[in-house]
Amino acid sequence: MPFAEVAVNSAAPHRQTFTYSLPNGLSVAVGQAVYVPFGSRTLQGVVMEVTEEPRFPETRDIIAVVEGPPLLSPERAALARWISEHYLAPLFDCVALMLPPGFRRKPLTLLRPLASGEEIAGLELTPRQRQVLEALAGRREVEADELRQELGLRTLGAVVDQLAGRGLVERSYELGPPKVRAKVVPHVRLLAALDAARAEVAGDLLDSASGARVRARREPMLAALNALAEEGPLLPLTKLRAQTGISVAGLRALVERGLVALEDVEVERDPLADLEVSPRDAPLLTATQEAAYGEIAVALERRNGEAAPVFLLHGVTGSGKTEVYLRALERTVALGRRAIVLVPEISLTPQTVRRFAERFTGQVAVAHSGLSLGQQFDQWRGIRDGHYAVVVGARSAIFAPQPDLGLIVVDEEHEWTYKQEEPAPRYHARAAAEKLAELTGAVLVLGSATPDLESYHRARAGRYRLLALPERVQPSGEGAARVCTVRPLPEVEVVDLRRELKEGNRGIFSRSLGRAVAEALAAGEQVILFLNRRGAASFVQCRDCGHVPVCSACAVSLTYHAAEERLVCHHCHRGRRLPERCPQCQSARIRFLGIGTQKVEEEAGRAFPGARLLRWDRDVTRQRGSHERILTRFLAHEADILIGTQMVAKGLDIPAVTLVGVISADVGLNLPDFRSGERSFQLLEQVAGRAGRGPRGGRVIIQTYPPNHYAVEAAARHDYAGFYEHEASLRRRLGYPPFGRLARLIFAHTNPLYAQEQALRLAKTLRREKDVQGIPHLDILGPAPSFVPKMRGRHRWQILLRGGDPGELLRELSFPQGWTVDVDPVSLL
Ligand code: ADP
Ligand code: ZN
Ligand code: ZN
């Protein structure tokens, strides 16, 4: 007799499956949705495995199998398991990533009174019990959560237990309604031949006694028949009514005569319905693009059974990576396979989607969180049914049920938004993509101008195959006549702010940047001023020598706590008093903190009167669509200077921008995260990529206090390899990724003392467990307050594990409520 291992949608966070038997006649496959008994409830589940032997001696029967094809392929079931194990996340949460949107239904508890109002009056009851019974009296059935809210009674569960025990209340369980269903729209279908139908309507009316009224109905009826014959035979009811003015009675008359029928038709809520796309031919690839594409094509065409390689396409900004993806996608489709393309959420603009849709007209699905639940639901089903050659989407699109997967592309693979941070599962879409590719045999292409250090390290070690596009392309001409020449990367100048200060310039624009902006404006060109604002007020820097105090154990900058005038390490919690003088040069100007975008806007207004300014940061872009609006305005040259934070660095392609000024590289360099050097390099390189996309070329000016920081120097030379060498040697020394793994445990609580106590207690437990289990290569750092010590009213403390597989220590532990576990975190901020 077969048994099923089922991932159960229960409130408790399990990582294991539960074993169920199959009643006679019932058969299930992996990935099928089922209903199972769980305690006294019936819950949803998904079959993860079918076995001959039970894993658990006492099993209960599956209650029912949901009809229809399995919701997960076996590969995706395996992927869900891997995510659960790797990221230490509840199994059903991992399964749910891949289920149709809105699948999860809330388990409800229904309460039914068994005693009437009069009976209650005579009973001996506690005040709480009486309150509940009185609220139930006279009602047929009430949902427990509703009643809990109604009465504001936290302990409702316990009270109901007592009442049920005395036979005064009956409980039953069911699932809440599905959140989304297929959308059906009433349609009208023509059943008869047009001539016959027209004759019948016309004749009918002739011998009708009630002449005038019926005759008035005739024209719309005939018009409706004509419309159905011409555009039909099936048309949406609302459309037909609007077009022909046919009345309900007229329609009923046609139905009664059997000339037309009403039908419900499932329609797809298509998020691309409004996107105008005209098909476009592929341009000729340059020789370098062709070489890269060629290697991918060979992998796509490889014989069955050979493992699929992972490619790392390292191409500078504007080198034509997307063109290579498009060609590889075409090859994939020609081979009868399908693909998933991941792009960062912020790049998932209509422009991006259009680029794919132009080449695969009608065959592109988009998946991202901005879609309505109905659209997501419909896209999921359309994708599952094989309607799309290419799924383009942000992080979670990796879980689209795309069949026959032949190719996965992860564009801008270094983007840390590919890591899900909240809620669990805290998966990395790139890692999930790698696993899925391995499971399905799909070829994986990771692309970036500034690859993640870890990806590049794998390429160096031979695990990935490196493909390089070292030069920018310069397209010209249109259509088949499009040609490409090579174009240099922009010149980068690094300005030493210490010298500016010494020579009497106290403003935020160095003389060099000021001059360059003025020149660009005079020439009618556009300028981007970039500022890294995150954590701007957090570190302390000497204005004379650029020195920033750093923790010697963790190699991250110390964070300034104004209230106590202390500098604190957010990894290990070591701290010291804020020094009066710079330890390096004895200067007293050590308290310099960062600047914000508003300040830059003010100063730019003063320094360049007459220039039209546009600010782009989180404060002004909270509303949906504001990204698009700002971008469109700048593209239309309605502003001369765009001032912004991280967002301006990503993927903007504005030919009239000839100058990019980085107001200060230092904020990014000094965040207390071991990745701050890497992030700064990436950001500077990306932001520099915004300059000189047009025929006039471009330049970049980076202002900084320590101009000899390796990340700044490497960015100025566009020297990825040089940056990698330096950064990798630092990481190796301290055992940071890719030379070790990390996990971050955070405890958050409204009471600061309690938060600290809990963190101390867990750290102690972890240290003891580590010794008991004899796990050698794992440092336990902290606890320390998080870089953001208080979030949404909760005080946050963190513990870092650094070294080997954090799962070794954490897998068997159960964490008290309030803890979050982030395995392989991409940010320690
Ligand atoms: P990346 O993805 O590396 O930033 P893109 O693929 O967006 O680069 O290419 C930059 C620009 O050059 C785009 O406008 C693209 O259409 C164009 N382009 C890329 N390759 C070619 C080619 N072989 N022929 C003509 N135009 C090209
Ligand atoms: Zn100094
Ligand atoms: Zn430290």
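The values are calculated or read from the model by the stated rules, or taken from the named source; none is laboratory data. For clarity, every value in this text was computed on a predicted model and none was experimentally measured. As a convention, Cβ positions derive from the backbone with ideal geometry for all residues, glycine included, and neighbour counts pool all protein chains shown. Calculation scope for accessible area: heavy atoms of the full protein, side chains included, ligands and nucleic acids excluded. Shrake-Rupley method; radii C 1.70, N 1.55, O 1.52, S 1.80 Å.
Between the listed residues P672, A121, G138, the Cα displaced farthest toward the positive end of the dipole of the chain, a dipole computed from Cβ unit charges relative to the Cα centre, is found at P672.
Using packing as a proxy for protection, rank 386-399, 780-793 so that the peptide with the highest average count of other Cβ atoms within 10 Å comes first.
386-399, 780-793
Quick one: in segment 73-129, what % of C-alpha pairs are over 12 Å apart? Spell out each step's value before the answer.
Values: 1209 of 1596 pairs.
Value for segment 73-129 (Cα pairs over 12 Å): 76 percent.
Applying the Karplus relation 6.51 cos²θ - 1.76 cosθ + 1.60 with θ = phi - 60° to segment 304-314 yields 3J(HN,Hα) values of 4, x, 6, 5, 7, x, 9, 9, 10, 8, 9 Hz, where x marks Gly and Pro.
Could you give the distance between the Cα centres of segment 694-736 and segment 759-829, to the whole Å? Here the two parts' Cα centres lie 32 Å apart.
What does the charge add up to near P2, with Lys and Arg as +1, Asp and Glu as -1, over the other residues with Cβ less than 13 Å from its Cβ? Computed value for this residue: -4. Once you reduce segment 113-166 and segment 263-281 to the center of their Cα atoms, the two points are 52 Å from each other. Estimated from the Cβ-Cβ distance and a Förster radius of 60 angstrom, the FRET efficiency linking S27 and A216 is about 0.50. Between E565 and E266, the C-beta separation translates, for a Förster distance of 60 Å, into a calculated FRET efficiency of about 0.35.
The three principal axes of the C-alpha atoms in segment 78-166 carry coordinate ranges of 59, 23, 22 Å, sorted with the longest axis first.
Please compute the contact order of segment 699-829 in relative form: average sequence separation of alpha-carbon pairs under 8 Å and at least six residues apart, divided by the residue count, as a percent. Provide the component values of the computation, followed by the final result.
Working: 170 pairs, mean separation 40.7, N = 131.
Computed value for segment 699-829: 31 percent relative contact order.
With no solvent and one point on each alpha carbon, what is the Debye value of log10 I(q)/I(0) for segment 331-485 at q = 0.19, 0.21 Å⁻¹? Normalising to I(0) and taking log10 leaves -1.32, -1.49.
What full-extension length gain, to one decimal in nm, is calculated for V255 and A468 as 0.36 nm per residue of separation minus the Cα-Cα distance? All intermediate terms of the calculation are to be shown ahead of the outcome.
On the way: separation 213, 0.36 × 213 = 76.68 nm, distance 6.59 nm.
Gain on extension, V255 to A468, equals 70.1 nm.
Within 12 Å, Cβ to Cβ, of R811, how many net charges do the neighbouring residues add up to if Lys/Arg are +1 and Asp/Glu are -1? Value of the local net charge: -4.
Relative contact order, percent, of the chain when contacts are C-alpha pairs under 8 Å separated by at least 6 residues?
Details: 1574 pairs, mean separation 77.3, N = 829.
Taking the mean separation of contacting Cα pairs over the length of the chain, I get 9 percent.
Computed from the alpha carbon atoms alone, the convex hull of segment 236-327 holds 230 Å³ per residue.
Accessible area per residue of segment 120-244 at 1.4 Å probe, in Å²? Walk me through the numbers before you get to the answer.
Working: 7340 Å² over 125 residues.
Per residue, segment 120-244 has an accessible area of 59 Å².
Would you mind calculating the relative contact order of segment 64-196 from Cα pairs under 8 angstrom and at least 6 residues apart, reporting the percent as a whole number? List each step's numbers first, then the result.
On the way: 115 pairs, mean separation 39.7, N = 133.
Rounded, it is 30 percent for segment 64-196.
Each residue of segment 670-680 was assigned a 3J(HN,Hα) from its phi angle through the Karplus expression (A = 6.51, B = -1.76, C = 1.60, θ = phi - 60°), giving 10, 5, x, 9, 4, 8, 5, x, 5, 4, 5 Hz with x at Gly and Pro. The packing ranking of peptides 269-278, 375-384, 511-520, highest mean first, is 375-384, 511-520, 269-278, where packing means the average number of other beta carbon atoms within 10 angstrom of each residue.
What's the local net charge at D544, with K and R +1, D and E -1, over the other residues with C-beta under 9 Å away?
Numbers: positive: R498, K502, R543, R589; negative: none.
It works out to a net charge of +4.
Take the Cα of D496, step 7 Å toward its Cβ, do the same at R768, and the gap between the two points is 5.6 nm.
Treating each Cα of segment 249-303 as one equal point scatterer and applying the Debye formula with no solvent, the log10 of I(q)/I(0) at q = 0.19, 0.21, 0.24 Å⁻¹ comes out as -0.88, -0.88, -0.93.
Report note on the peptides 302-308, 135-141: ranked by the mean count of other C-beta atoms within 10 Å, highest first, their order is 135-141, 302-308.
Note on segment 4-159: Cα Rg divided by 2.2 N^0.38 Å, N the number of residues, gives 1.33. Computed per residue of the chain from DSSP H runs no shorter than four, each worth -39500 (n - 2.57), the mean residue ellipticity at 222 nm is -10000 deg cm²/dmol.
For segment 60-136, which GluC sites (Glu not before Pro) pass both filters: DSSP loop (anything but H, G, I, E, B) and at most 10 other C-beta atoms within 10 Å?
Values: sites: E67, E75, E85, E118, E119, E124, E134; in loops: E67, E124.
Sites meeting the loop and neighbour criteria: E67, E124.
Principal axis analysis of the Cα atoms in the chain yields extents of 102, 79, 59 Å, listed in decreasing size. Nonpolar atom fraction for the chain, defined as the carbon and sulfur part of the 1.4 Å probe accessible area, stands at 50 percent.
Please give the length that would be gained between E141 and R55 if that part of the chain were fully extended, namely 0.36 nm times their separation in residues minus their C-alpha to C-alpha distance (nm, one decimal).
Details: separation 86, 0.36 × 86 = 30.96 nm, distance 3.86 nm.
Going from the current span to full extension adds 27.1 nm.
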